[in-house]
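J.: Structure incoming, see below.
The values are calculated or read from the model by the stated rules, or taken from the named source; none is laboratory data. Being a predicted model, the structure only gives us computed values, none of them experimental. Here the Cβ positions follow ideal geometry from the backbone for every residue, glycine too, while neighbour counts run over all protein chains shown.
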Amino acid sequence: MSTHLAEKPRAVQGSIRIEHVSVEFRRDGVAMLALKDIELAIEPGEFTALLGPSGCGKSTLLNVIGGMVRPARGEVRIDDTPVTEPTARCGVVFQQHSLFPWMTALGNVAFGPRMLGHASPEAEAREFLALVGLEKYSGAYPAQLSGGMQQRVGIARALATRPPVLLMDEPFGALDAQTRSIMQEELLKIWSKLKTTVVFVTHDVDEALYLSDRVFAMTNSPGGIKEEIRVDLGRPRAPEVALSEKYGALHRRVHRLIREESLKVFNGITS
Amino acid sequence: MERAIRTNIPPRISARSLLAGPGWAANTLWAAIGIGVFVLVWTAIALQLQNPVLLPTPAVVLEGFYRLLADGYLVNDVLASLKRVFVGFLMASAVGVPLALLLAYFVPLRRLILPVVTLIRPIPPIAWIPIAILWFGVGDKPSFFITAIAAFFPIFLNSFFGGMSVEDQHLNAARSLGAKKVSLVIRIMFPSALPMIWTGLKIGLGQSWMAVVTAELIAAQSGLGYMIQMSRLNLETAYVLVGMVTIGVLGSLMGAALSGVERYVLPWKSK
């Protein structure tokens, strides 16, 4: 049954190198610098978070890694191959409404394996649906599923191509707090089985700390990396890790960093 | 206790409560009343006029209907018209839908072809009839051409806007799952556009049906349009009205049939 999942974790793959990446957007004909000269190295199998207030360009950086946004300068390399367009090397989980509404849950998850010409896309899709605990909902259309279930299907779909890199753009942002915390636990379980490199975008300090090995706190306008925080809380992690003293100290530190950036924007807008 | 009391009350089904209800039965009843009133008014006016050449009564028209049905003339004319509608409609769909999706996806193609479409679109199907006769003579062929022209623009335009409304997120998700250009058009853009394509097909079929009658008035020697024209020349107004009523009824039935299969075409849109 679990032939596809039982393949040896490929932690040797999935290194990300972000080199001097700058991104410009045009607004009313004027070029605005969204990301300025970002330099980042993420190792295979690492779980990292891009953390920052909204508008800091963290999603933009994720989109550059995924090949959905072209940088004005610099480049991103995954396993030493430059990223020029979205490919199956990067699975992407979006915030919401990214499932294909005309396909069933099974059809959505089988889409990737089918595109890659695998022999039995549906059998693979069933395994990945089981991985996220939704094997019973294979015939349901996205509109018939709850928000949490839709995101689980989204995760299964992104993982079904076995990408070395998994990009997650505030995937739990639209869920209620209880569902979100359960989803975080489930995500860690899945990650510990597959050992994919994960880049996780969030503005939630707790979410970033609970999930990640390293957190990159970002600066605002232009977006950049303000500070890198190593989260040495050990694995596997239970949600109770948030009660530890070490976690408290990390949280205070990261929270202060993010708050500084938020205040900059807040004051910039009001003054 | 309360239950027992309630079941003792005999159910009251009044015409009023039936009409207030939702659903199929009530709608049918409303429709029957509306049509009944229309027929009564028609009868009253016809009796008042006392001129069967200007306006025969519905009863006389019904009698004419049976006579034409018994002769087999009506069936032949209906089949001739239906054939022209379906051939033209299928040609319009076969060209309109793929062309619209290609234009929605490939920008240079769109910029090249859309202006031509915009220029041709305001020309009504009836204005094409003279040139259709020059090109194709009289008979089925000019009618195919006219019904195709009439169906093409609603089908093309709806499909085009359906294709344009494809969500970037779906395209990006598909790319990150390994989909290439052809798959993006066929597997993402086409189903995204399908609800609007379907609307276009419904409108196109209606337009095509209207156009076939116009075409047959001038460019054919069979069909409902031809029959109306001939009956007018013979001052057989009852037959003119038989033709008109048949056109109305068949057109409505075709629309209803398309609405009836909608949930099989767009299964994710139904509950």
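J.: Could you check the range A:136-157 and list, in sequence order, the residues that are within 11 Å of another protein chain (Cβ to nearest Cβ), surrounded by 19 or more Cβ atoms within 10 Å (Cβ to Cβ) and not in a loop (DSSP other than H, G, I, E, B)?
T.: The answer is A:142, A:154, A:157.
J.: Turning to a different aspect of this structure: Kindly indicate whether any position in the range B:208-231 is within 11 Å of chain A (Cβ to nearest Cβ) and of a type in the set (A, V, I, L, M).
T.: no
J.: Could you please let me know if residue A:34 is hydrophobic (A, V, I, L, M, F, W, C), more than 14 Å from the chain's Cα centre (by Cα), surrounded by 14 or more Cβ atoms within 10 Å (Cβ to Cβ) and within 14 Å of another protein chain (Cβ to nearest Cβ)?
T.: No.
J.: Is it fair to say residue A:76 is modelled with pLDDT of 95 or more and either under 16 Å from residue A:154 (Cβ atoms) or at the interface with chain B (Cβ under 9 Å from one of its Cβ atoms) (or both)?
T.: No.
J.: List the strands (runs of 3 or more DSSP E) that sit entirely inside the range A:32-118 and contain at least 1 residues that are out of contact with any Ser or Thr (no Cβ under 8 Å at 6 or more places or on another chain).
T.: Qualifying strands (runs of 3 or more DSSP E): A:73-78, A:90-93.
J.: Search the range B:232-253 for residues being in contact with a helix residue (DSSP H, G or I) (Cβ under 6 Å, 6 or more places away or on another chain) and either over 20 Å from residue B:66 (Cβ atoms) or within 14 Å of chain A (Cβ to nearest Cβ) (or both), and hand back the single one that is surrounded by the most Cβ atoms within 10 Å (Cβ to Cβ).
T.: Checking each candidate, the answer is B:251.
J.: What about residue A:28, is it of a type outside the set (A, V, I, L, M, F, W, C) and without any contact (Cβ under 8 Å) to a residue 24 or more places away in the chain?
T.: yes
J.: Would you tally the residues in the range B:139-175 being surrounded by fewer than 24 Cβ atoms within 10 Å (Cβ to Cβ), under 20 Å from the mean Cα position of the chain (by Cα) and not aromatic (Phe, Trp, Tyr)?
T.: Within the range B:139-175, residues that are surrounded by fewer than 24 Cβ atoms within 10 Å (Cβ to Cβ), under 20 Å from the mean Cα position of the chain (by Cα) and not aromatic (Phe, Trp, Tyr) number 3.
J.: Among all residue pairs at least 6 apart or on different chains, which show Cβ distances below 6 Å where the first residue, located in the range A:90-102, is facing chain B (nearest Cβ under 7 Å) and the second is in a strand (DSSP E or B)?
T.: Final answer for the pair search is A:90/A:165; A:90/A:167; A:91/A:166; A:92/A:167; A:94/A:169.
J.: What single numbered condition from (1) surrounded by fewer than 21 Cβ atoms within 10 Å (Cβ to Cβ); (2) more than 9 Å from every other protein chain (Cβ to nearest Cβ); (3) out of contact with any strand residue (DSSP E or B) (no Cβ under 7 Å at 6 or more places or on another chain) fails to hold for residue A:85?
T.: (2)
J.: Is at least one residue of the range A:132-149 under 14 Å from residue A:92 (Cβ atoms) and out of contact with any Asp or Glu (no Cβ under 7 Å at 6 or more places or on another chain)?
T.: no
J.: Let me ask something else about it. Listed residues B:194, B:217; which is in contact (Cβ under 8 Å) with a residue 40 or more places away in the chain and either touching a helix residue (DSSP H, G or I) at 6+ places or on another chain (Cβ under 6 Å) or under 21 Å from residue B:154 (Cα atoms) (or both)?
T.: B:194
J.: Would you mind telling me which numbered condition in (1) within 13 Å of chain B (Cβ to nearest Cβ); (2) within 19 Å of residue A:215 (Cα to Cα) residue A:53 fails?
T.: In the conditions (1) within 13 Å of chain B (Cβ to nearest Cβ); (2) within 19 Å of residue A:215 (Cα to Cα), residue A:53 misses (1) alone.
Condition check ((1) under 19 Å from residue A:41 (Cβ atoms); (2) within 14 Å of chain B (Cβ to nearest Cβ)) across all residues:
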residue	(1), (2)
A:159	no, yes
A:162	no, yes
A:169	no, yes
A:175	no, no
A:187	no, no
A:197	yes, no
A:230	yes, no
